[in-house]
Amino acid sequence: MKEIKKYLESRIGTYGFFFEDLSSGFVYGYNENVEMVAAGCMKLPIAISIIKEVEEGKVSFIDKIKIDANDKVYGTGIIHEFNEREYTIFELLVAMLIQSDNTAANKIIDIVGKDRVNEVIKEMGLKNTVLNRKTTDERNGKIDVENITSARDLSRIWNHLYNATYLSAKNSTMLVDILRRQQIKNKLALYIPDDLKYEISSKTGDKTGVENDTELIQLSKGNFVFTVLSMSIPNSVYGTVTLAKCGKMMWDNVMNNWH
């Protein structure tokens, strides 16, 4: 994995990455504990927080939530294109993860509460992750405070899901399965063969100057977690190419060197 570190050091911007072999415990990182802009990757701990609320009996997946005009947030997602209607909490969860829907994310934050989301983050042992605000449309102007995370923290979330050490085994498996259907697989997974992309559960994030991707890869050869975060990159294409090349280097390393 040293070649990934060397490559990122040559690129414009700030990067953090973390790789872990969940079977052997081998890890390798670079700036893995540096606080980075989370962007859409913050939806991963938000998802865990609402599932935890279900497990604790505070809400149910089939509870219906009204989305009206004032709830709609543009940017990623599709809920903002529909008329006012009710959605179940489970429908909001799926929309937030598969389509990275901002409206769904904000409604889930309203249901759980920002303070409770941050409590869940601490309960999972994440040291560099904070939900500071709900999602917004960047077209509305400058954002003064960002949600933050780190490559190591996002990898720790996958660890919890893989080992069912925070959510129940049933709900951990369910969340991993939903994230297999994440529609954006053009970053770390870009160069991975199409027939194997379904074996990857992932959550991406992006905004101006930021391209992120974090993934759990489950193969017959082993189970791996890989995260690359970026800030201050020139443009989205530059960042996407950088992450895609990192994903290709990681994939080749695993395919050729892991036994």
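The values are calculated or read from the model by the stated rules, or taken from the named source; none is laboratory data. The model shown is predicted, which means the values in this text are computed figures rather than measured ones. Reconstructed Cβ throughout: ideal geometry from the backbone, glycine too, with neighbour counts over all protein chains shown.
Tabulated values for the structure
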read-out: Test result for Gly40, in contact with a helix residue (DSSP H, G or I) (Cβ under 9 Å, 6 or more places away or on another chain) and assigned to a strand (DSSP E or B); value: no
read-out: Counted residues, region 219-236 - those being more than 13 Å from Gly13 (Cα to Cα) and of a type outside the set (Ser, Thr, Tyr); value: 7
read-out: Qualifying residues in region 211-259 (those that are more than 19 Å from Gly29 (Cα to Cα) and β-branched (Val, Ile, Thr)) - the one surrounded by the fewest Cβ atoms within 10 Å (Cβ to Cβ); value: Val237
read-out: Within region 222-242, tally of residues that are in a helix (DSSP H, G or I) and either in contact with a Lys or Arg (Cβ under 7 Å, 6 or more places away or on another chain) or in contact (Cβ under 8 Å) with a residue 12 or more places away in the chain (or both); value: 5
read-out: Candidates Lys127, Lys142 - the one that is at pLDDT below 95, more than 24 Å from Phe61 (Cβ to Cβ) and in a loop (DSSP other than H, G, I, E, B); value: Lys142
read-out: Candidate set from region 175-221 (those that are more than 12 Å from Cys41 (Cβ to Cβ), among the β-branched types (Val, Ile, Thr) and part of a loop (DSSP other than H, G, I, E, B)); member that is farthest from the chain's Cα centre (by Cα); value: Ile192
read-out: Only listed residue being charged (D, E, K, R) and in a loop (DSSP other than H, G, I, E, B), chosen from Glu32, Glu53; value: Glu32
read-out: Subset of region 57-88 (residues that are acidic (Asp, Glu) and under 23 Å from the mean Cα position of the chain (by Cα)); value: Asp71
read-out: Condition check for Lys122: in a loop (DSSP other than H, G, I, E, B) and of a type in the set (Lys, Arg); value: no
read-out: Condition met for Leu161 (assigned to a helix (DSSP H, G or I) and either over 18 Å from Glu215 (Cα atoms) or not basic (Lys, Arg) (or both)); value: yes
read-out: Every residue from region 67-99 that is under 17 Å from Ile50 (Cβ atoms), in contact with a Gly (Cβ under 9 Å, 6 or more places away or on another chain) and not hydrophobic (A, V, I, L, M, F, W, C); value: Gln99
